[in-house]
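Take a look at the structure below.
Any read-out appearing in this document is the output of simple, stated calculations on the displayed coordinates, not a laboratory observation. Keep in mind that this is a model prediction, so the values were computed, not measured. FYI the Cβ positions are ideal-geometry reconstructions off the backbone, even for glycines, and counts take in every protein chain you see.
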Amino acid sequence: MGGHGFGLLWGADEKCQSVTIIKRKSDIKQEKTNTRIPVILLVEDDVGDQELVKIALEKANIRCRLFIVDNGEAAVDYILRRHAFADEMSAPSPDLILLDLNMPKMGGIEVMRQLQSLQSVWQLAVVVLTTSTARKDIATLYELGVKSYIAKPDTFSGYIQLFETIGAYWFNSVLLPPLDPKRRHRSTDQDAFQGLT
């Protein structure tokens, strides 16, 4: 266990960081019995912001499995479960996707444009978490199907408050449809992404 109570592993080809956040011995016992733990996919290239999210999740007492990719192309591969993320154990279907906008290789807006080709895009709970407050970005992302658009807090306490709200809303209040892995692998979904390698 790390200094903040994180179990730290690396995903396939070290392209995806997997962090299991657990706080009590009872959590460890339940995890060993395969109790369903919510999965969050964080799409963020800034290492400092990645660390802030990890710590804020723990401080907010959100029990989850956090997977991190640092660019948009990897995010699309993860969601499609292909290439380095083909194994369901290494890349489980996310219950919530936290998406930054300004990233290398492919930004958040382009990620959402690519995901529009998915038959199951309506099932994805995508929340934009970014520094941009540009009205054009906000309007575009909602048109592309994100569920919420949040500006990154300026303080650490703000991060904790934000994730307390996210945890209460997304994991305690909202009822989300199950993401059917079979729908993610339909040929129409795969054909739409043949150009992305």
| said: Can you compute the modelled spin-label distance between GLU143 and ASN102, with each label point 7 Å from Cα toward Cβ, in nm? | reply: 2.2
| Rounded to the nearest 0.05, what FRET efficiency do THR155 and ARG135 have when you use their Cβ-Cβ distance and R0 = 35 Å? | 0.90
| request: Note down the nm distance, to one decimal, between modelled labels 7 Å out along Cα→Cβ at SER173 and at VAL47. | output: 3.6
| ARG36 paired with GLU88, simple spin-label distance in nm, labels 7 Å along Cα-to-beta-carbon | 1.3
